[in-house]
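Q: There's a structure below that I have some questions on.
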Amino acid sequence: MFAYNLRIALLSLKRNWILSSVIVGGIALGIAVSTMFSATRHSLARDPIPSKSGILYYVRMDSWDPQRPYPGTDPTLPPTQITYRDMVGIMKSDIPVRQSGMFKASLYVFPDPKVGRPAQTLVRLCFSDFFPMFDVPFKYGSGWDKRADEGPEPVVVLSEEENELLFGGADSVGRTVRIEDRDFRVTGVLDHWRPAVKFYDITQAAVQGVEPVFMPFNFVRPMKIRTGGNSDGWGPSPSVPGFEGVLAGESCWIQMWVELPTTGKRQAYEDFLKAYVLEQKKAGRFPRPLNNRLTRVGEWMKEQKVVPPQLTAMMVVSLLFLAVCALNLMGLLLGKFLARAPEIGVRRALGARRLDIFIQHVVECELVGVVGGLIGMALALGGLAWINNFMKTTFVARHDLFRMDGTMAMLSLGLSLLAGLVAGAYPAWRVCRIAPAIHLKVQ
């Protein structure tokens, strides 16, 4: 019966193809707009590491000025990062399964003169736990070990793009890269790893791509590396001059992550942080009330508003636009169906039930929705490609930020069916209520 109704629906669309094109175009336009904005928001809002988002915690402690809270919309929140000296202190804990302090810097990388010129490149300084903690995939080699952290040993991990630039995409494990005034040995090359949100560091440019180079954190001292990201500080100038004063001061510029797979470990780590802060208070630091925070990945993204409220509002408006399109098409479908009233009267007189007539016209409406939805999805893909091309020209420099995955494709198809039902349910109901007698003539 479905095949019969589908064949009748196709014949109906062909019979008045101009009106059918207008109806399909209306659905397509609504689906294109709603899918594009929904996919844009979904790209930023989805869980970037679902396998571990419930056990990874971002660490914060309130070491800020006693005279005023940390600047922001919520005065109860601590600084978004921690100081270098606090990172060193809490890294001594053996409670986390994995842990890493980190920050990004801008350093000069010197490729082979035959390949290219020296260029400033973003480098992430982190500990060896960074790679297994965030499930970072490798194409060649692996990350470094804990001995390289302690040395520190001159080793680096390259992104897939940086390896392509420096070594033509070949397996570069064991080869040498010159960064600033030192030579570093490559231990690994990342595989295709492009999270839409750089969730491990969302304090600045959350949608920026993964850094091209990763090196052991403890090179910060011998190379006197300063942060290339956000840095907030307060208080008097440190007594120690120069770079050592920066490390000893109250400037917050380190991101700190820990992996705590059980509730017991989380509680133990919270107790450890509390004891650490109380000990620092005895030394004259942490003048504000105790305010330690362990925040999961998803909660941290919401707190930092990775998904702008404006984007959510635009998605809601786009869905309302789809609803308006469907409601406006209701009148066209009603007129189209009523024009076939004599035909429907004959079918009713020959024994067709009202339900049969209703289902036949609903199938036609859903066919319109599916066809319009497919066209709308194609238009949405074009719109996302245009947005990505625009983002490529900005400081984000990414061409793969917004994508339509399987979830969004299913949503688009669902919205298409819903729009077809909204537009056609009432016209189908009206036409099945027509009395057959008024359309029959006695010969």
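Q: Tell me, which strands (runs of 3 or more DSSP E) lie completely within the range 154-223 with 3 or more residues that are β-branched (Val, Ile, Thr)?
A: 155-158, 176-179, 182-190
Q: Still on this model: Here is a list: ALA326, ALA380. Which entry is crowded, with 18+ Cβ neighbours inside 10 Å and under 30 Å from GLN208 (Cβ atoms)?
A: Checking each option against the conditions leaves just ALA380.
Q: Run down SER128, SER100 and say which single residue is surrounded by 13 or more Cβ atoms within 10 Å (Cβ to Cβ) and part of a strand (DSSP E or B).
A: SER100
Q: Turning to a different aspect of this structure: What number goes with the only condition from (1) closer than 18 Å to MET102 by Cβ; (2) surrounded by 13 or more Cβ atoms within 10 Å (Cβ to Cβ) that ARG266 does not pass?
A: Only one criterion is unmet by ARG266, namely (1).
Q: Taking the range 21-72 as the region of interest, how many residues are farther than 24 Å from GLY298 by Cα and assigned to a helix (DSSP H, G or I)?
A: Residues flagged as farther than 24 Å from GLY298 by Cα and assigned to a helix (DSSP H, G or I) within the range 21-72 amount to 14.
Q: Report yes if GLY30 is in contact with a helix residue (DSSP H, G or I) (Cβ under 6 Å, 6 or more places away or on another chain), closer than 30 Å to THR176 by Cα and either at pLDDT 90 or above or surrounded by fewer than 20 Cβ atoms within 10 Å (Cβ to Cβ) (or both), otherwise no.
A: Taking the combined requirement at face value, the residue does not satisfy it.
Q: I'd like the full set of residues that are in contact with a Lys or Arg (Cβ under 6 Å, 6 or more places away or on another chain) and within 17 Å of GLY249 (Cα to Cα), limited to the range 193-227.
A: none
Q: So which of LEU333, LEU320 ends up being surrounded by fewer than 16 Cβ atoms within 10 Å (Cβ to Cβ) and modelled with pLDDT under 95?
A: So the residue among LEU333, LEU320 that is surrounded by fewer than 16 Cβ atoms within 10 Å (Cβ to Cβ) and modelled with pLDDT under 95 is LEU320.
Q: Can you go through THR394, THR407 and tell me which one is of a type in the set (Val, Ile, Thr), farther than 16 Å from ILE357 by Cα and without any contact (Cβ under 8 Å) to a residue 24 or more places away in the chain?
A: THR394
Q: Same structure again: Go through (1) in contact with a Gly (Cβ under 8 Å, 6 or more places away or on another chain); (2) assigned to a loop (DSSP other than H, G, I, E, B) for ILE254 and report which single condition fails.
A: Among (1) in contact with a Gly (Cβ under 8 Å, 6 or more places away or on another chain); (2) assigned to a loop (DSSP other than H, G, I, E, B), ILE254 violates only (2).
Q: Considering THR73, THR121, which residue is among the β-branched types (Val, Ile, Thr) and closer than 30 Å to VAL186 by Cβ?
A: Matching residue, one of THR73, THR121: THR121.
The values are calculated or read from the model by the stated rules, or taken from the named source; none is laboratory data. Please read all numbers here as calculations on a predicted model, not as lab measurements. Cβ atoms come from the backbone with ideal geometry, glycine included; neighbour counts cover every protein chain shown.
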